[in-house]
There are 2 protein chains.
Amino acid sequence: MAVLYHHPAPEDITLLPLLRAVADPVRLGIICHLHSLGEANCTTLLRGRPKSSMSHHFQVLREAGILQTRVEGVQHRNTLRLDVLEDRFPGLMTSILRECPTNLSEKG
Amino acid sequence: MAVLYHHPAPEDITLLPLLRAVADPVRLGIICHLHSLGEANCTTLLRGRPKSSMSHHFQVLREAGILQTRVEGVQHRNTLRLDVLEDRFPGLMTSILRECPTNLSEKG
DNA sequence: TTCATTGTTCTATGTTGATAGAACAAAAAG
DNA sequence: CTTTTTGTTCTATCAACATAGAACAATGAA
């Protein structure tokens with residue numbers, strides 16, 4: 001897993017890929033959970049889904065510039081890049097996060 | 001064309017369909033053009049695309065609550081529902097419209 | 001009525017992308 | 001070294017959706 005993640009620079013984050021990434025129920029869920037948890041690894045957010053699926057979604061979010069991944073031992077910890085996103089597209093993430101269900105623990 | 005359009009009520013506009021609708025290059029283009037033109041019919045925004053495709057995209061935008069269509073004679077005039085959207089998802093459309101190319105006439 | 005314009009509906013096609021199993025890779029623990 | 005945990009990569013499959021042609025419907029003009 002000595003994977004070298006590529007996190008796009010702020011200038012390279014563009015609207016369309018970002019909207020595409022966000023326009024998916026699973027990924028929207030990931031975003032909301034990351035927002036409430038602050039940081040989380042892939043396995044934490046599986047809900048019966050296969051790891052390969054989640055890994056895919058994290059990759060999409062990463063390449064869209066929405067989250068960044070930090071390797072710590074065996075785990076890959078993910079965080080939202082809120083500052084960067086707010087700087088790049090003011091108000092966008094805020095308006096999306098506002099729609100997150102308040103009680104995320106209902107399903108885990 | 002005595003089509004009865006269904007425009008969802010503000011409460012029935014939900015985030016995921018809205019994001020889905022917006023996460024498409026053609027529809028993003030339509031949105032930007034509508035924003036700069038104020039109002040436009042389908043044919044005005046064709047750029048070599050078949051009418052059926054555009055009609056489809058307008059339908060998606062309409063059902064997502066992004067625009068409303070007003071029939072005037074043979075033409076169907078479309079407008080963004082900015083007030084409703086701003087009320088429902090504050091800041092979202094604003095942050096998207098901010099990314100519209102300033103010179104929309106480059107390609108039409 | 002006849003024709004032109006506008007846009008929808010129907011249908012088919014093709015492409016993109018989500019899902020998921022299996023094999024693999026890396027790190028830490030035993 | 002072996003095992004366990006974590007997550008990626010590869011591959012295949014399936015579903016959703018964009019594209020587009022053709023026929024149709026409605027309005028207005030000639």
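The values are calculated or read from the model by the stated rules, or taken from the named source; none is laboratory data. The structure presented is a predicted model; accordingly, all values stated were derived computationally and were not measured. Glycine gets a Cβ as well: all are built from the backbone with ideal geometry, and neighbour counts include every protein chain shown. Protein only, heavy atoms only, side chains kept; ligands, DNA and RNA dropped before computing areas. Shrake-Rupley method; radii C 1.70, N 1.55, O 1.52, S 1.80 Å.
Numbers below:
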| read-out | value |
| --- | --- |
| Kirkwood hydrodynamic radius of the stretch A:10-99, Cα pairs, Å | 13.2 |
| Length gained when the stretch A:T43-A:T79 is fully extended (0.36 nm per residue, less Cα-Cα span) | 11.5 nm |
| Nonlocal amide H pairs with A:A40, under 5 Å, H built at 1.01 Å | A:N78 |
| Relative contact order, percent, chain A [alpha-carbon distance under 8 Å, six or more residues apart] | 32 |
| FRET efficiency, B:V26 to A:R98 (Cβ-Cβ, R0 30 Å, nearest 0.05) | 0.65 |
| Label distances, nm, A:T79 versus same residue in remaining copies, Cβ-directed 7 Å point | 4.6 |
| Accessible area that becomes buried as A packs against B, both chains, 1.4 Å probe, Å², nearest 100 | 1500 |
| Those residues of the stretch B:13-44 for which accessible area with every protein chain present is at least 10 Å² below the isolated value (1.4 Å probe) | B:L15, B:L16, B:L19, B:R20, B:V22, B:A23, B:P25, B:L28 |
| Computed accessible area, B:V71, all protein chains, 1.4 angstrom probe, square angstrom | 70 |
| Label geometry 7 Å along the beta-carbon vector: A:S55 inter-copy distances in nm | 4.6 |
| Copy-to-copy label separations for B:P10, where each label sits 7 Å from Cα toward Cβ, in nm and ascending | 3.4 |
| Exposure of B:D87 as accessible area (Å², to 10), given a probe of 1.4 Å and all protein chains | 130 |
| With all protein chains modelled, accessible area of B:C32 [1.4 Å, Å²] | 10 |
| Carbon plus sulfur fraction of accessible area for the protein assembly as shown, probe 1.4 Å, in percent | 52 |
